[in-house]
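Have a look at the structure below, then the notes.
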Ligand SMILES: NC(=O)c1ccc[n+]([C@@H]2O[C@H](COP(=O)([O-])OP(=O)(O)OC[C@H]3O[C@@H](n4cnc5c(N)ncnc54)[C@H](O)[C@@H]3O)[C@@H](O)[C@H]2O)c1
Ligand SMILES: [Zn+2]
C-alpha cells in the first residue's frame with residue numbers, strides 16, 4: 001500500500017492506494033478523525049458488486065450506514081438526482097457531523113462530492129474511486145459538480161475530501177473500454193510532467209494492460225502524487241493546474257460535437273493529446289518523434305488517436321471556439337515542449353482553428 005498526504009493547510013488530507021482498502025476504510029476514516037452518520041452514494045453497476053462489503057467496513061463510523069444508489073451513467077450528474085440525495089439525507093436526519101462516501105467512478109465522485117459540499121453547508125466527504133479514470137484523476141483535487149442541460153459541469157464547487165482511498169482490486173471488474181479510457185488520463189501526467197514515468201510506461205504497457213496489481217498500484221499512486229503536487233500549488237486553477245488540461249481543449253470539442261455519446265471522455269482526450277502535440281510541433285517546435293512516441297503508446301493501449309474526417313464539422317469548430325478556457329478570443333492551450341515537459345500558451349482562436357484544419 002502507498003500512503004501520502006495532500007498538503008492544503010486546513011484542507012490537507014491523506015490518500016491511500018492499495019489492495020483491500022474497501023474492507024478497511026472504516027478504520028482509516030476513524031484514524032482520520034471521522035465518525036458520525038454515514039451515507040454511501042454509489043451507482044447501479046458498482047453497488048451490486050461492492051456496496052455490501054463497504055457497508056460492513058463502515059461499522060467503526062456508523063453501525064447502520066445509509067445506502068443511496070443512483071442509475072449508472074453521466075445523466076445522473078443532474079439536479080434531479082442531487083435532489084433525491086438531499087431528500088434521503090434529510091429523511092434519515094443526517095446532521096453536520098455526518099459523512100458521505102462516494103463509491104464509484106467520476107460520475108458518483110462529482111455528484112456525491114457536490115452533495116457533501118452543499119448539504120448543511122458542507123459535511124465530511126470520503127472518495128472511494130472505482131474506475132481507473134476516477135482513481136488517477138477525478139477523486140483527488142476537490143472539483144465537484146453536476147451538469148446542466150445546456151452544458152457539462154456548469155454547477156459545482158471546489159470541495160476537498162477528508163480522505164481518498166483507491167482500492168486497485170476494484171479495477172478488475174471495470175469493463176475493458178472504461179479501463180483503457182483511464183489509461184489516457186494516466187499517460188497524460190507522464191507526457192506533461194514526467195519523462196521517466198513515460199519511459200517506464202513504455203516498458204510496462206503489457207503488465208498494465210493485463211491489470212497486474214503491483215503495476216496498477218504503482219501507476220495510480222504515481223498519477224495521484226503528480227496531481228496532488230499540482231493541486232497543492234494551484235488548488236483553484238488560476239494557472240499551473242491548467243497544465244492538466246493537456247488534450248482537453250480538442251477533446252472537449254470532440255465530445256461536444258458528438259453529443260457526448262460517440263466517444264468516452266478518455267478516448268476524446270487521447271485524440272486531443274495527439275492533435276495538440278501536432279499543434280506544438282507547428283507552434284513551439286516539438287520534435288515529431290515525441291508525438292510519435294505518445295501516439296504509439298495510446299494506440300498500443302487500444303485508444304483512438306485521429307479525428308475521424310466526418311467529425312471535422314462545424315459543430316466541432318464552433319465547440320472549440322466556445323471552450324471554457326477561451327478568453328478575449330485567445331484559447332489557452334497546453335503545448336508539449338518534449339515528453340515530460342509542457343507549458344500553457346495563449347493562442348488566437350482563429351489561428352488554432354486554421355492549424356487544426358491544416359493537420
Ligand atoms: N472532478 C474532476 O476533477 C473530474 C476529472 C475528470 C472527470 N470527471 C468526471 O468524471 C466523469 C467520468 O468518470 P468515469 O469515467 O469514471 O465515469 P463513470 O463514473 O460513469 O464510470 C464509468 C462506468 O464504469 C462503471 N464502473 C465504475 N467502476 C466500476 C468497477 N470497479 N467495476 C465495474 N464497473 C465500474 C460505472 O458504473 C460506469 O458505467 C465525468 O462526469 C467527468 O466530468 C471529473
Ligand atoms: Zn479528463
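General observations
- Distance histogram in 10 Å bins (all Cα pairs of segment 276-359, percent per bin): 16, 44, 36, 3
- Cβ-Cβ FRET estimate between residue 314 and residue 150, R0 fixed at 22 Å, reported to 0.05: 0.70
- Extension gain, residue 240-residue 261: 0.36 nm per intervening residue step, less the Cα-Cα distance, totals 4.5 nm.
- Most mobile of 248, 75, 238 in a GNM of the chain (Cα contacts under 10 Å): 238
- Relative to the longest principal axis of the Cα atoms of the chain, the long axis of helix 213-233 lies at roughly 80 degrees.
- Simple spin-label estimate for residue 341 and residue 203 gives 2.2 nm between the two label positions (7 Å along the Cα-to-Cβ direction from each Cα).
- Residues residue 299 and residue 44, FRET efficiency given R0 of 51 Å [Cβ-Cβ distance, rounded to 0.05]: 0.95
- Rg over Rh, two decimals, segment 125-240 (C-alpha only, Kirkwood Rh): 0.98
- Taking the fewest neighbouring Cβ atoms within 10 Å as the starting point, the ordered list for 54, 21, 79 is 79, 21, 54.
- Added length on full extension, which subtracts the Cα-Cα distance from 0.36 nm per residue, residue 87 to residue 354: 91.1 nm
- Residue among 135, 236, 200 with the largest mean-square fluctuation in a Gaussian network model of the chain, springs linking Cα atoms under 10 Å: 200
- Relative to the longest principal axis of the Cα atoms of the chain, helix 248-257 runs at roughly 80 degrees.
- Our summary gives the chain a relative contact order of 14 percent, counting only alpha carbon pairs under 8 angstrom and 6 or more residues apart.
- Ellipsoid fit via the Cα gyration tensor, segment 169-318: semi-axes of 24, 19, 16 Å, each the root of five times an eigenvalue, largest first.
- Global geometry of the chain, whether rounded, prolate or oblate, following the gyration tensor of its Cα atoms and the 1.5 cut on a/c: prolate
- As a ratio to 2.2 N^0.38 Å, the alpha-carbon radius of gyration computed for segment 24-97 takes the value 1.15.
- When the Gaussian network model of the chain links Cα atoms closer than 10 Å, the mean-square fluctuations of 273, 197, 128 top out at 197.
- Values of log10 I(q)/I(0) for segment 142-192 across q = 0.15, 0.26, 0.33 Å⁻¹ run -0.72, -0.98, -1.00, by the Debye formula with one identical scatterer at each alpha carbon and no solvent.
- Taking the C-alpha atoms only, the angle from helix 195-209 to the longest principal axis of the chain is near 60 degrees.
Each reported figure results from applying straightforward, stated rules to the coordinates on display, with no laboratory input. No experiment lies behind these values; they were computed from the predicted model shown. So basically every Cβ, Gly included, is an ideal-geometry build from the backbone, and we count neighbours across all protein chains shown.
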